[in-house]
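Written out below as structure tokens is the structure these notes cover.
The values are calculated or read from the model by the stated rules, or taken from the named source; none is laboratory data. As the structure is a computational prediction, the values presented were derived from the model and not from experiment. With ideal geometry, Cβ positions are generated from the backbone for all residues, glycine too; neighbour counts draw on all protein chains shown.
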Amino acid sequence: MNNLTSLPLVIGLGELLWDCFGDERRPGGAPANVAFQANQLGCQGTVVTRVGQDELGTELLDFLKQQQLSTEYVQIDTTFPTGTVTVEFSDANDPQYTIHEQVAWDHLEFNDKLAELMKQAQAVCFGTLAQREADSRESIHECLAATSSDCLVVYDINLRQKYYDRDWIERSLSAAKIVKLNQDEVQVLSELLAISAEDLQIFAQHLQQVYGVDAVCITRGSEGCLIYADNQQYEIPGSPVEVADAVGAGDAFTAALISRRLLGWGWEQAALFANRVGGLVASQAGAMPVLRVEFERLSQEIQNT
Ligand SMILES: Nc1ncnc2c1ncn2[C@@H]1O[C@H](COP(=O)(O)OP(=O)(O)OP(=O)(O)O)[C@@H](O)[C@H]1O
Ligand SMILES: O=C(O)C(=O)C[C@H](O)[C@H](O)CO
């Protein structure tokens, strides 16, 4: 790997794609959003994914280069096209995703180069969607197995359409140190894994005891988040914003939480920052708005309070 900086290496492992909003399109894909935001948050965010050998793939590679993200771990598929998603809204807070099938990011190939990269990662974020096909599912777990024991492995559950399965979720929970999910996903998991979600602390303890997860983070839109870690519950209020669209707010939240935990911040302060970062992204269109300066200002503000 060509590690040009000493910044913490944060990998977004899974899908990089085009979010299509009517006749506009913007780069997206949850793990890619996390890598992009981690890059803006003072880390070396790196995307591990696969695009097609087509115009849409070339444009994604150009986008990454423009944003000073590495394209070294973006594989090119000669059979499947670059992924696309149709994003629709009945409410700006609640985007609906139609995720098109038979695309390149379903076919990530694990190899020595990826193993070498994963060994060096300080954090890796992955989700459920990119596990819908066996090719990427197995490669993702090979990547996770190649990380060092102190790597912060973050499972941002992100359940989409019908693309999840109890076995994939349990395998992923077992591989993760931090699990992030929203309130709707708590309900789905509660049914799928037969865990009561009436008391969220008991729900979180179940994930910790059965799957060996260290921290559980539940996001609640404008109401902020709950974190269960170190035998404590942290309830961190949100700072409501005027929403442009909530696409990528959760991913920005995750990137912010990772970046500040890697800097040694406590849970409360890191979550407060993550809430504000998520809110800022919700106040802008698309999943990858350029907000480097705003994030730095916010980081200083929260450190000084
Ligand atoms: N309207 C809002 N006002 C303020 N902050 C917001 C708003 N919407 C989202 N956020 C911030 O972003 C975080 C993540 O939002 P949300 O709970 O909607 O994400 P999510 O459902 O996890 O997202 P995704 O499924 O896209 O990953 C929230 O915990 C909050 O900190
Ligand atoms: O990657 C996912 O989880 C998706 O749902 C694809 C979305 O279009 C994406 O997260 C928003 O950029």
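Quick notes
- Hits in the range 119-167 (condition: of a type in the set (D, E, K, R) and within 11 Å of ligand 2 (Cβ to nearest atom)): Arg132, Asp156, Arg160
- Residue identified as surrounded by fewer than 17 Cβ atoms within 10 Å (Cβ to Cβ), within 16 Å of ligand 1 (Cβ to nearest atom) and over 19 Å from the mean Cα position of the chain (by Cα) among Glu116, Glu88: Glu88
- Residue among Arg276, Arg220 that alone is charged (D, E, K, R), under 29 Å from Phe89 (Cβ atoms) and surrounded by fewer than 19 Cβ atoms within 10 Å (Cβ to Cβ): Arg220
- Neighbours by Cβ (under 6 Å, 6+ apart or cross-chain): first from the range 16-45, under 18 Å from Glu59 (Cα atoms); second of a type in the set (Ser, Thr, Tyr) and surrounded by 24 or more Cβ atoms within 10 Å (Cβ to Cβ): Leu16/Thr49; Ala35/Thr46
- Of the residues examined, Ala92 is not one that is within 21 Å of Thr219 (Cβ to Cβ), within 16 Å of ligand 2 (Cβ to nearest atom), assigned to a helix (DSSP H, G or I) and not basic (Lys, Arg).
- Candidate set from the range 11-70 (those that are more than 19 Å from the chain's Cα centre (by Cα) and among the charged types (D, E, K, R)); member that is nearest to Ala287 (Cα to Cα): Arg25
- Which numbered condition Leu159 fails, given (1) of a type in the set (A, V, I, L, M, F, W, C); (2) free of Cβ contacts under 8 Å to residues at least 60 places away in the same chain; (3) more than 15 Å from ligand 1 (Cβ to nearest atom): (3)
- Looking across Ala145, Ala104, one residue alone is under 22 Å from Ile76 (Cα atoms), among the aliphatic types (A, V, I, L, M) and either at pLDDT 95 or above or within 16 Å of ligand 1 (Cβ to nearest atom) (or both). It is Ala104.
- Residue check, Gly28 modelled with pLDDT of 95 or more, surrounded by fewer than 22 Cβ atoms within 10 Å (Cβ to Cβ), under 23 Å from Phe126 (Cβ atoms) and not basic (Lys, Arg): no
- Within the range 162-185, the set of residues being of a type in the set (A, V, I, L, M) and either more than 16 Å from ligand 1 (Cβ to nearest atom) or more than 29 Å from Ser222 (Cα to Cα) (or both) comprises Leu173, Ala175.
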